[in-house]
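The structure appears right after this line, and notes come after that.
Each reported figure results from applying straightforward, stated rules to the coordinates on display, with no laboratory input. Fair warning: this is a prediction, and the values are worked out from it, not measured in the lab. Backbone-built Cβ (ideal geometry, glycine too); neighbour counts: all protein chains shown.
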Amino acid sequence: GAGVSQSPSNKVTEKGKDVELRCDPISGHTALYWYRQSLGQGLEFLIYFQGNSAPDKSGLPSDRFSAERTGGSVSTLTIQRTQQEDSAVYLCASSPWGGANTEAFFGQGTRLTVV
Amino acid sequence: QQQVKQSPQSLIVQKGGISIINCAYENTAFDYFPWYQQFPGKGPALLIAIRPDVSEKKEGRFTISFNKSAKQFSLHIMDSQPGDSATYFCAASIDYKLSFGAGTTVTVRA
């Protein structure tokens, strides 16, 4: 595809349920990021994947959050036992390679609402 | 805590005017300072970026000014147009990890 694709665009879930958010990065991009954007806040780093290296999970807010990247391409962010404070827009980005001064290309995001 | 502080939260400018957004940081290890533009319902897109060894960078109507000693940088939008109405985020990075400001919503009135 031409850009980073995320699905679903919107997700409404009940408190306590698990959700999975999907990201298809730009073909050939080795680096993939997940960010969270809460209302009125900047983007908060969650996790970073680069090639076959161990992911940087330092931004995950709790052990209810996990992410994987299969085959160096598609990534899934999973939130278990969702809470109302998890409501936000979850943004995925990819870049041609990891490292400094690299442009990150963002998807349109998944808006998660926990009711 | 927010590593990059951005102001103002919002601004309104007349068509043809100048929009100025300011950002400040504390961590001197940051080595890349991009600005992202975000339209409603879309993901952020890179607008312009600067490295700390440069004091100013201009691309079209957009200019970044960088003051390393003050640990501040700003975005100037010259001749603002209605199509510039969007939310702008400054950011700073160490290696691959971007730290974003809280964003500034710019409204350009025709």
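Which values of log₁₀ I(q)/I(0), to two decimal places, follow from the Debye formula for the range A:64-115 at q = 0.29, 0.30 Å⁻¹ with a uniform point scatterer at every Cα? The computed values of log10 I(q)/I(0) come out as -1.19, -1.21. How big, on average over all directions, is the shadow cast by the Cα convex hull of the range A:17-68, in nm²? Its Cα hull, projected and averaged over all orientations, spans 4.5 nm². Annotation: lysines with alpha-carbon distance below 20 angstrom to B:LYS71 (same-chain offsets under eight excluded): B:LYS5, B:LYS57, B:LYS58, B:LYS97.
Taking max minus min of the alpha-carbon positions on each principal axis, the range A:21-115 gives extents of 37, 24, 21 Å, largest first. Averaged over the residues of B:85-97, the number of partner chain Cβ atoms lying within 10 Å of the residue Cβ comes to 3. With N the number of residues in chain B, Rg(Cα) / (2.2 N^0.38 Å) evaluates to 1.01. The mean count of C-beta atoms from other chains within 10 Å of the C-beta of residues in B:99-106, rounded to a whole number, is 3.
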